[in-house]
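The values are calculated or read from the model by the stated rules, or taken from the named source; none is laboratory data. Source: prediction; values computed, not measured. Note that each Cβ is placed from the backbone with ideal geometry, even for glycine, and that neighbours are counted across all protein chains shown. We work out accessible area using only protein heavy atoms, side chains counted, and drop any ligands, DNA or RNA first. Shrake-Rupley method; radii C 1.70, N 1.55, O 1.52, S 1.80 Å.
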Amino acid sequence: MKTITGILAATALTGVGAANAADLEVTHWWTSGGEAAAVAELAKAFDNGTDHTWVDGAIAGSGGTARPIIVSRILGGDPMGATQLNHGRQAEELIQAGLLMDLTDIAEAEGWKDVVHPSSLLDACTFEGKIYCAPVNIHSWQWMWLSHKAFADAGVDVPQNWGEFVAARDALEAAGKVPLAMGGQPWQQNGAFGVMTVALGGLDLWKQINVDKNADAAGGPEMAKVFEAAAVAREMAKNSKVQDWNQATNMVITGEAGAQIMGDWAQGEFQVAGQTAGEDYTCLPGLGETQILDTGGDAFYFPVNKDADVTAGQKELAALLLSKEVQVAFNLAKGSLPVRGDVDLAAANDCMKKGLKILADGNIMPSGDMHLTPDTTSQINDLMTEFFADPSYSPEDAQKSYAKIIKTAD
């Protein structure tokens, strides 16, 4: 059995003798090509680094599809060994119910507080002073991905900001391109809207709305400019006839579309397709307008289990997820950034280097998941779905509905 310091520490903390091998079912919603390549790195590390076995429990669809299934299983007494969720408030009720394992002993033994950067990632895993999840990456929504082929075919330079992109719309359409690829799922439209809020409205405006729940700011003139830009995005995306996010990414990869507003997980799709950052595609953090990254991401939670062998396997996996080796292998495949600030990412491509520099410069912001409840997020998702699907839905009316949602948010 191969070991690392963290795994040995975790095993010692199980309170049992030498644990027997256990099959550990791990649920997640990583099913696209790039995501599957990344999760395979976790499974390989667990199978090769411990006596236990990773049993893959991929759930097709987005997080919005998977999360209710995951929560239902835990509440129903059929828990998996480990599950992906976004660190933030998604697991709050499960923690309060005593259904998730306290990982504080693992975190202290492994020194997570000393290596996890930014510290808000670990804070988002902490409830009443105890740590309940292992953050594995930093994912940011604040990106736009642009196809070099699409703009070359249209005879215009690759835009370097949102204004230049909007200006290139006519040329793209004349060349038979879809200016903006966007899938039909609510979280995609809400995510793009959130990126536009920060990039075009500014971080202070975003914080007033998402952190302070300021309905006046949500209904104010600065936010009106964001809704007007969202209406332009809606028009540019009207011929994007795809549902899943990775289908929209593929439109950019093939040059069918000019660009996509999507989180950095899209980069895994470019990598699987054999494309090179800076040569085949360009990435613009903050739409090229605001150089800042939100620091959300994925984390693993471990439901309480009465089987001592499963518990031992859970603790070994928790420790392994934050080991340097796993952090590098997983995040290079995923297109995300590591949660450890002390790993060597010399192999990072141009886009990852942009992200690492922004992170090092401290130009970061919290993820909306850390401040908005799932109920509030769901309401905004529904609003954005309706807005992007209905060209007659005016920006003014959509903004009024948005302000009402923020007014009642907790």
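Structural remarks
- For the chain, Kirkwood radius (reciprocal of mean inverse C-alpha pair distance, Å): 21.8
- Rounded to 0.05, the FRET efficiency of the THR408 and ALA346 pair, given R0 = 41 Å and the Cβ-Cβ distance, is 0.25.
- Relative contact order %, the chain, counting alpha carbon pairs below 8 Å whose residues are six or more apart: 28
- Of all accessible heavy-atom area on the chain, the percent that carbon and sulfur account for (1.4 Å): 48
- Rotationally averaged projected area of region 146-189 (alpha carbon convex hull; nm²): 3.3
- Overall dimensions of region 49-153 as given by Cα atoms, namely Rg and Dmax in Å: 17.4, 57
- Between the residues VAL71, PHE193, ALA91, the greatest Cα displacement towards the positive end of the dipole of region 53-193, with unit charges on the Cβ of Lys, Arg, Asp and Glu, is found for PHE193.
- The stretch between SER394 and ALA308 holds 25.2 nm of extra length on full extension. This uses 0.36 nm per residue minus the Cα-Cα distance.
- Residues with amide H under 5 Å from that of VAL136, placed H, sequence gap 5 or more: ASP298, ALA299, PHE300
- Dipole magnitude of the chain about its Cα centre (Cβ charges: Lys, Arg +1; Asp, Glu -1), debye to nearest 20: 200
- Modelled spin-label separation between LYS207 and GLU228, with each label point placed 7 Å from Cα along the Cα-to-Cβ direction: 2.6 nm.
- Straight-distance crosslink candidates among lysines, where the alpha carbon sits under 20 Å from LYS113 and sequence neighbours closer than 8 are dropped: LYS130, LYS315, LYS324
- Where region 231-364 is the region considered: accessible area per residue in Å², 1.4 Å probe: 34
- Distance violations [Cα-Cα > 22 Å] among LYS238/LYS404; LYS177/LYS225; LYS207/LYS407; LYS44/LYS334: LYS238/LYS404; LYS177/LYS225
- Residue-wise HN-Hα couplings along region 44-59, as the Karplus relation 6.51 cos²θ - 1.76 cosθ + 1.60 with θ = phi - 60° gives them from phi, are 4, 5, 5, 5, 7, x, 9, 8, 8, 10, 6, 10, 6, x, 4, 10 Hz; Gly and Pro carry x.
- The phi torsions of region 92-109, fed into the Karplus equation with coefficients 6.51, -1.76 and 1.60 and a -60° offset, translate into couplings of 4, 5, 5, 5, 4, 7, x, 9, 10, 5, 7, 9, 4, 5, 5, 4, 5, 5 Hz, rounded to whole numbers, with Gly and Pro shown as x.
- Net charge over other residues, Cβ less than 11 angstrom from the Cβ of ILE95 (K, R count +1; D, E count -1): -2
- Cα pair distances exceeding 17 angstrom across region 236-346, given as percent: 66
- Shown are LYS44, LYS354, whose ranking by accessible area with a 1.4 Å probe and every protein chain present, most to least, is LYS44, LYS354.
- Note on LYS177: accessible area approximately 30 square angstrom, rounded to 10, probe 1.4 Å, nucleic acids and ligands left out.
- The residues packed around GLU279, meaning those with a beta-carbon under 13 Å from its beta-carbon, carry a net charge of -1 if Lys and Arg are +1 and Asp and Glu are -1.
- FRET efficiency estimate (nearest 0.05) - Cβ-Cβ, ASP23 to ALA175, R0 41 angstrom: 0.20
- Rounded if a/c under 1.5, otherwise prolate or oblate - region 152-310, Cα gyration tensor axes: oblate
- Between THR65 and SER378, the simple label model (points 7 Å from Cα in the Cβ direction) yields a spacing of 1.8 nm.
- Antiparallel content of DSSP bridges confined to the chain, in %, to 5: 55
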